[in-house]
Each structure stands twice: as structure tokens, then as C-alpha cells.
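J.: Here it is, the structure, as C-alpha cells.
The values are calculated or read from the model by the stated rules, or taken from the named source; none is laboratory data. What you are looking at is a predicted structure, and each value in this text was computed from that prediction instead of being measured. Note that each Cβ is placed from the backbone with ideal geometry, even for glycine, and that neighbours are counted across all protein chains shown.
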Amino acid sequence: MTTPMLQLQNLKKIFSRNGQAGFIAVDGVSFDMAQGECVGLIGESGSGKSTVANMIARLLNPDEGRIILDSADVTRAGVRAVCRKVQMVFQSPQESFDPRRTLGDGVGESLLNAGKSAAEAREEVARLLEAVGLPPDFAGRYPHEVSGGQCQRAAIARALAIRPKLLLCDEATSALDVTVQAEIVALLSRLIRGRGMACLFICHDVALAQDFCDRLLVMHRGKIVEEGPPDEIVQSPKQEYTKLLIDSVL
Ligand SMILES: Nc1ncnc2c1ncn2[C@@H]1O[C@H](COP(=O)(O)OP(=O)(O)O)[C@@H](O)[C@H]1O
Ligand SMILES: [Mg+2]
């Protein structure tokens, strides 16, 4: 057995509401991810998916449990300590870029922070834009000058820039038109597999996750209620909740 790339052990997150502590958003979540594995985390809105991703990216602290990344305990680590290994792509690409800076600056920022020269970063940005299917002159455009799909491509380029081991995609295609959504999923699939990157693909659309992922985890009210190979989950779900999710009743 090789050591998992990521291990979540009994993660718990409790939020306060209306000044009262005690809403359990994530309730004892445990799972492992192997190097290069693509895992789908599915569940209706409010089930705790983003909270799990935000804890892995170290944007939120868990109240209980442990996060082990590449054999290191990062449960209390800061964002900067994990950002070379874990990058995130969010639902609203336009909001995730600074509106006053070009896409090229946004994509290249982490390269400059990693000590590359401006010229090296510029060359690498051009390569990254090409890898996500954007023309080189897009480096000079601002977020409001491109479409949602194009901006999401740039967000993927930015996430890939420092070659993370794990990409967290939180509803990364949910805000896009169906055809653009399919293009972005195809792009992600190609990049992840080509680079041997692991991916946690968070999504409420079961069919999309079924096509894309090696394994699915079904989340309901803060807990993983079912997990397995995508086709098995979709064709013979064991939990009533999973059936409702697949039938899109939720
Ligand atoms: N910062 C927060 N403060 C209070 N409650 C929150 C916070 N973030 C999320 N929640 C609540 O936790 C639950 C899970 O949210 P979230 O992880 O965003 O779910 P999902 O991504 O599956 O839609 C929801 O009920 C949400 O309202
Ligand atoms: Mg969410």
C-alpha cells in the first residue's frame, strides 16, 4: 500500500448561528485520496462540501479531526504552508480575479512569489494559457473583458501554475452554460490526467461527476453517507438520499 496523498480523519466543523454556537456543518468526515486520483464530492446545497474543501485548503480550521497532506499533519497549517501543494478553482471565476489586474498578472503571481523572474513568469504564463486553450494575448485582458468560460480557463491556468499535487474544484463548472461546462470538464480531465494531479471535484450534478471522477463520495448533512465507483453509485445507490440526489429531486 502506498501512503495516501491526502487523509481526512474525522473532520468536524461547527459554525455559530445567530450568535449561538452549535450548527455542525461537517460531522466526522473521513476519506483518503491517492496520488492522481479524481474524487467527486456530491451532495445538495448546504451539505457541507465547500466547508470540507475550505478546511483542506486551510481557509477554515476544523474543530476536530486531522488533515494529513503528503504525510505531513497540516490540520493547523496556514494557507501559505499548503498552497504549493493544494490549489482551488471556485464557482465564480470573475470574482476570484482582481478586477484591476490583468489575467496574465493573476496567473503569474504565484510564479513571481516562487522566485521566478518577470521574464520567466511571462513565458510560463503564455505556456499555461496555451495549455488551457486561451490565445496568448489574453494575458493582457482584464477579467471583465472575457467570457465566464474563458475566465474559468484562466483560473485553471492560475491554479496549475505552481504545479500543485491536488486541485480542489468547488462547483467550478456550475455557473457556466451546459456546452461550456462540458468543455471545461474535458479540459480539467485532460490536464489532471496529463499531469498526474489529484482532484477533489465538488459538484451537485451527479451526471457530471459520474463521467469525470474515479470515485464518488455522497455527502448529506455534514456526513459522507455513501461512497464507491461512480457507475455503481449511480446504477445501484444504497442510500435513499443518493437515489433522490440522482433523480435530482433535491
Ligand atoms: N461561515 C459560516 N458561518 C455559518 N454557517 C456557515 C458558514 N459557512 C457555511 N455555513 C453553513 O454550513 C452548511 C454547509 O455549507 P457549505 O459547506 O457551504 O455547503 P455546500 O458547499 O455543500 O453547499 C450550510 O448550512 C451553511 O449555511
Ligand atoms: Mg458549496
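J.: Within the stretch 206-223, can you find the residues that are touching a residue at least 60 places away in the same chain (Cβ under 8 Å) and either within 16 Å of ligand 1 (Cβ to nearest atom) or of a type in the set (Phe, Trp, Tyr) (or both)? Lay out the reasoning, then the answer.
T.: Filtering the stretch 206-223 down to residues touching a residue at least 60 places away in the same chain (Cβ under 8 Å) leaves 206, 209-210, 212-223.
Across the stretch 206-223, the qualifying residues are Val206, Ala209, Phe212, Leu216, Leu217, Val218, Met219, His220, Arg221, Gly222, Lys223.
J.: If the Cβ limit is 6 Å and pairs must be 6+ apart or interchain, which residue in the stretch 138-159 that is outside any helix (DSSP H, G or I) pairs with which residue that is crowded, with 20+ Cβ neighbours inside 10 Å?
T.: Close Cβ pairs (under 6 Å, with a partner that is crowded, with 20+ Cβ neighbours inside 10 Å) amount to Arg141/Leu103.
J.: For the stretch 7-38, name all the residues that are more than 10 Å from ligand 1 (Cβ to nearest atom) and surrounded by 21 or more Cβ atoms within 10 Å (Cβ to Cβ).
T.: Residues satisfying the conditions are Leu8, Leu11, Val29, Met33, Cys38.
J.: Collect the residues in the stretch 1-29 that are closer than 21 Å to Glu171 by Cα and small (Gly, Ala, Ser), keeping them in residue-number order.
T.: Scanning the stretch 1-29 gives a single hit, Ala25.
J.: Still on this model: Surrounded by fewer than 19 Cβ atoms within 10 Å (Cβ to Cβ) and part of a loop (DSSP other than H, G, I, E, B): which single residue out of Ala175, Ala186 fits that description? Before the answer, list the steps.
T.: Values: Ala186 fails: part of a loop (DSSP other than H, G, I, E, B).
Going through Ala175, Ala186 in turn, just one is surrounded by fewer than 19 Cβ atoms within 10 Å (Cβ to Cβ) and part of a loop (DSSP other than H, G, I, E, B): Ala175.
J.: Can you work out which of the residues in the stretch 1-23 that are within 15 Å of Met219 (Cα to Cα) and away from ligand 2 (no atom under 16 Å from the Cβ) is nearest to the chain's Cα centre (by Cα)? Break it down into steps so the answer makes sense when it comes.
T.: Applying the first criterion (within 15 Å of Met219 (Cα to Cα)) to the stretch 1-23 yields 8, 10-13.
With away from ligand 2 (no atom under 16 Å from the Cβ) added as a condition, the list becomes 8, 10, 12.
Numbers: Leu8: 15, Asn10: 20, Lys12: 19 Å.
Selected residue: Leu8.
J.: Ok, one more. Quick one: would you say Val82 is surrounded by 16 or more Cβ atoms within 10 Å (Cβ to Cβ), farther than 21 Å from Ile184 by Cβ and without any contact (Cβ under 8 Å) to a residue 60 or more places away in the chain? Lay out the reasoning, then the answer.
T.: Values: surrounded by 16 or more Cβ atoms within 10 Å (Cβ to Cβ): yes; farther than 21 Å from Ile184 by Cβ: yes; without any contact (Cβ under 8 Å) to a residue 60 or more places away in the chain: yes.
So Val82 fits the description; yes.
J.: How about the stretch 46-79: which of its residues are surrounded by 20 or more Cβ atoms within 10 Å (Cβ to Cβ), more than 16 Å from ligand 2 (Cβ to nearest atom) and either on the phi > 0 side of the Ramachandran plot or aromatic (Phe, Trp, Tyr) (or both)?
T.: Matches in the stretch 46-79: Arg58 only.
J.: Moving on. Going by the structure shown, is Ser96 modelled with pLDDT under 95, closer than 26 Å to Ile246 by Cα and within 15 Å of ligand 2 (Cβ to nearest atom)? Working first, answer last.
T.: Details: modelled with pLDDT under 95: yes; closer than 26 Å to Ile246 by Cα: no; within 15 Å of ligand 2 (Cβ to nearest atom): yes.
No.
J.: Related question: For Ala155, state whether it is away from ligand 1 (no atom under 16 Å from the Cβ), over 14 Å from Leu191 (Cβ atoms) and crowded, with 19+ Cβ neighbours inside 10 Å.
T.: Numbers: away from ligand 1 (no atom under 16 Å from the Cβ): yes; over 14 Å from Leu191 (Cβ atoms): no; crowded, with 19+ Cβ neighbours inside 10 Å: yes.
Answer is no for this residue.
J.: For the list (1) more than 12 Å from Leu11 (Cβ to Cβ); (2) aliphatic (A, V, I, L, M); (3) within 13 Å of ligand 1 (Cβ to nearest atom); (4) surrounded by fewer than 19 Cβ atoms within 10 Å (Cβ to Cβ), I need the number of the one condition that Leu41 fails.
T.: Just one mismatch for Leu41, condition (4).
For every residue, the table says whether it meets (1) among the aromatic types (Phe, Trp, Tyr); (2) crowded, with 21+ Cβ neighbours inside 10 Å; (3) within 25 Å of Lys85 (Cβ to Cβ); (4) within 16 Å of ligand 1 (Cβ to nearest atom).
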residue	(1), (2), (3), (4)
Asp170	no, no, yes, yes
Gln181	no, no, no, no
Met197	no, yes, yes, no
Leu200	no, yes, yes, yes
Val225	no, no, no, yes
Gln239	no, no, no, no
Leu244	no, no, no, yes
